[in-house]
Amino acid sequence: MIYFSVFYFIAGIIIAHIFAPPGYVWTRNTISDQGSQGHVNKWIMQAGFIGFGVFLTAGMALKFRDLGGVNYPDVLMIAYGLSIMVTGFFCAAPIDKSLPFSARQAQIHSLFAQLAGFFLTAAILWYLFTSPSRWAFHLTFLILILGISGLFGLSANGMIAVEKGILQRMLYLVSFIWLVLV
């Protein structure tokens with residue numbers, strides 16, 4: 001189910017890109033911009049966020065069932081999945097700033113996107129300390145996630161020339177690789 005959640009989300013991103021709002025440039029704009037307020041086809045990306053969260057959470061529940069108990073670092077993965085799911089219910093601000101939009105809804109979307117990043121990072125960190133045989137694997141992904149996240153923040157604030165759309169996709173790619181290999 002975890003593999004399916006990643007495949008589903010990637011498919012949602014690709015399909016939403018085909019129907020992206022006018023002015024959308026994948027290198028410059030975020031994945032959330034594909035589901036932004038005022039965009040006619042925002043429902044495609046919203047379904048991607050919501051479905052990913054639901055499928056990932058279900059995958060973790062099935063993992064607990066198969067293990068016969070709770071794997072505590074995966075509780076953070078459930079929080080990650082649920083946070084991504086909530087971002088699908090609350091849309092980012094529109095790309096076209098002339099369109100009316102709910103600033104509150106955009107703030108909630110942003111808050112839960114940040115929470116998702118926090119929970120994913122915390123899960124990797126927990127795995128790092130509880131899986132001594134795979135510490136190098138988890139440390140590598142922790143460094144990659146933190147590094148790309150830092151660059152994304154610098155890009156979003158105009159402090160570096162790398163486009164935030166590229167950085168966000170790199171962040172998702174690294175996250176997805178970790179998810180399917182953990």
* Asked: Got a sec? How would Trp43, Trp126 order by Cβ neighbour count within 10 Å, fewest to most?
  -> Trp43, Trp126
* With θ set to phi - 60°, apply the Karplus curve 6.51 cos²θ - 1.76 cosθ + 1.60 along region 48-60 and write out the HN-Hα couplings as whole Hz, x wherever there is a Gly or Pro. => x, 5, 5, x, 4, x, 5, 5, 5, 4, 5, x, 5
* Put one equal scatterer on each alpha carbon of region 9-76, apply the Debye formula with no solvent term, and list log10 I(q)/I(0) at q = 0.14, 0.16, 0.22, 0.26 1/Å to two decimals. => -0.52, -0.60, -0.82, -1.02
* To do: Rank by packing, highest mean first: peptides 57-69, 81-93, with packing defined as the count of other Cβ atoms within 10 Å averaged across residues.
  => 81-93, 57-69
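How many percent of the alpha carbon pairs in the chain exceed a separation of 27 Å? Mind showing how you got there, number by number?
Numbers: 4200 of 16471 pairs.
So the portion of pairs separated by more than 27 Å is 25 percent.
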* To the nearest 10 degrees, how steep is helix 103-130 against the longest Cα principal axis of the chain, on a 0 to 90 scale? -> 20 degrees
* To do: Find the relative contact order for the chain and round it to a whole percent, using C-alpha pairs within less than 8 Å whose residues are 6+ positions apart.
  => 23 percent
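Go through 103-112, 163-172 and give me the packing order, highest mean Cβ count within 10 Å leading.
Values: 103-112: 15.4, 163-172: 18.5.
Ranking the peptides 103-112, 163-172 by packing returns 163-172, 103-112.
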* Structure fact -> Phi-derived 3J(HN,Hα) across region 166-180 with the Karplus relation (6.51, -1.76, 1.60, θ = phi - 60°), rounded Hz, x for Gly and Pro, is 5, 5, 5, 5, 5, 4, 5, 4, 4, 4, 5, 4, 4, 4, 7
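How would you order 31-37, 74-80 from highest to lowest mean count of nearby Cβ atoms within 10 Å? Could you put the intermediate results ahead of the total?
On the way: 31-37: 24.4, 74-80: 21.3.
Going by the mean number of other Cβ atoms within 10 Å, highest first, we get 31-37, 74-80.
Bear in mind these aren't lab numbers, they're just calculated from the coordinates by the rules spelled out. Predicted model, so just to flag it, every value in this text is computed and none were measured. For neighbour counting, all protein chains shown are included, and Cβ atoms are generated from backbone atoms with ideal geometry for every residue, glycine included.
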